[in-house]
Amino acid sequence: MSDLENGQRTASNAFLALTIGALVLAIGGLVWSYTLQNHLSEADKQLAAAQAQNTALQQKLNATDARLRATTETFGQSLGVTQKQLELRGEAILARQQADTKRLEQTQQATQEKIGQVSTEVSSVKTDVGGVKTDVATTKTDLEATKTQLQRTMGDAGVMSGLIARNHDELEVLKHRGDRNYAEFTLHKGDKPVVLATVKLQLKKADQKHGKYTMNVMSDDRTIEKKDKSMMEPVQFYTGKDPVLYEIVVNNVDKNTVSGYLSTPKGQ
């Protein structure tokens, strides 16, 4: 072959080689491009899935945050109510303590006043007791003096009488002696007879100016007139199945009225 043919064949082989190389490169590029496209599509899918997961997660986070906020607000409101209740309860306890303290102070004051009142009453009682002791001593002295003043007088029946009482106080002394029984009386002129023990007494006349009187004594179915008798004069008479001595003493004479006492033996 000629050199020309050899040159052409060589150029043709080179071109063919270049064509084949270009073809191989094109096919490789297509394959790489397809593969890259597939990778990109898969990456897009994964990215979309990741974005979807991220969106779902964000929604969950938002829902959780909303619930947390609601729970926080509710807890805050509950805490506020509880705090207010605690404050009100504390105020109520403080007010009750103050009221109890005030009542205690009032009770203590009332107790002190009562103690003072009782002390005053005790002092008054002591004073009264002292006065009573003094009165008793005075009464004893008066009784002793009265005893010395009581006298015995001869009666209108010629018998020495017992002790004579000139008034009610002296008669009380005689009663306490216990020697005889004594019954006081007051007679009015014109009245029906007054019953004393086993006898009846009736006033007939009273002379206030001269201190004299006249009375009827009714005993043992008989009437004895005691005429013109004087005050403090023992009017005596006997009465009973086994006669015993009774005495009448008039110690006061007014207009149409006399008063005195009847003295009888014990057991009559």
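Coordinate-derived values only; no laboratory data. Just so it is clear, the structure is predicted and the values come from calculations on it, not from any experiment. In this analysis, Cβ positions are derived from the backbone assuming ideal geometry, glycine residues included, and neighbour counts consider all displayed protein chains.
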Original post:
When we measure straight from the Cα of K241, which lysines land under 20 angstrom away, once same-chain ones fewer than 8 places off are left out?
Top reply: K200, K266
**OP:** List the lysines whose Cα lies under 24 Å from the Cα of K102, skipping any in the same chain that are fewer than 8 positions away.
**Re:** K114
Original post:
In this model, which of K192/K212; K60/K84; K175/K204 are farther than 30 Å apart at the alpha-carbon?
Top reply: K60/K84
Subject >> Dipole magnitude of the stretch 152-265, debye to nearest 20 (Cβ charges: Lys/Arg +1, Asp/Glu -1, about Cα centre) >> reply: 300 debye
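Under a Cβ-Cβ cut-off of 11 Å, what is the net charge of the residues other than Q98 that fall near it, where Lys and Arg count +1 and Asp and Glu count -1?
Values: positive: R96, K102, R103; negative: E91, D100, E105.
Result for the local shell: 0.
Considering every Cα-Cα pair within the stretch 152-265, what fraction, in whole percent, is farther apart than 25 Å?
14 percent
Using alpha carbon coordinates only, what is the Rg to Rh ratio of the stretch 200-268, with Rh defined as the Kirkwood radius? Show your work: numbers first, answer last.
Values: Rg = 12.2 Å, Rh = 12.4 Å.
Here Rg/Rh amounts to 0.98.
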